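Working notes, structure below.
Values in this text are rule-based calculations from the coordinates and carry no lab data. All of these numbers come straight from a predicted model, not from anything done at the bench. All Cβ positions, even for glycine, are placed from backbone atoms using ideal geometry, and neighbour counts span all protein chains on display.
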Amino acid sequence: MRRVLFIAFLTVGYSSVWAADTIKFDVKLGLWETTNTFQTTGMPQVSIPPSALANMPPEQRAKVEAMMQGQGSGRPRTTTQKSCLTREKMDKREMFTDDRKECTRTLVSSTNSKVEMKVHCNSDGTKTDGTFRVEAVNSENVKGSMQMATVNGDKTINMNSNFTSKWLGPDCGDVK
């Protein structure tokens, strides 16, 4: 089940999805802020032992607790995070650097402003299929969506997400 959660949450990291394959989005490099609204249904409730939460730094604990709250309930949740988009991240295809051999992605279409990609993962009897759509509205604004379904035996987890990203400036400060 951890693998299912990993695959599902891996897909939420949109800040560099446009860096995959030969995609060269016409967007500015630097500090970006992404607001992601997503709904997940069918995910079993997972609890983290209180001792593990107690050992986390307060910021990390708050993020984990927020992530776990209402998981799988079907209620929309919104998160906002900052990330730094660098030329190196674009060139290294940052979104998929984990070399997951069990996952394939198929570029359906790609222009300087729009990308559609299909993803398929098959690992230990768990299959995940999804579609990413990303659009550079202009060089400082990006929007997109993602639909994923993860099936393990008779359990299906569905995740639907919409996001917007806006460029904040060329200097990332300590944001990675």
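Some observations on this one:
- The alpha-carbon positions of the range 102-176 define a convex hull whose volume is 116 Å³ per residue.
- Segment T111..E135, full-extension length gain: 7.7 nm, with 0.36 nm per residue of separation and the alpha-carbon distance subtracted.
- The label point for K176 and the one for R61, both projected 7 Å from the Cα toward the Cβ, are 2.2 nm apart.
- For peptides 124-132, 105-113, sequence by mean Cβ density within 10 Å, most packed first: 124-132, 105-113
- The calculated FRET efficiency for Q81 paired with D154, based on their beta-carbon distance and R0 = 35 Å, is about 0.55.
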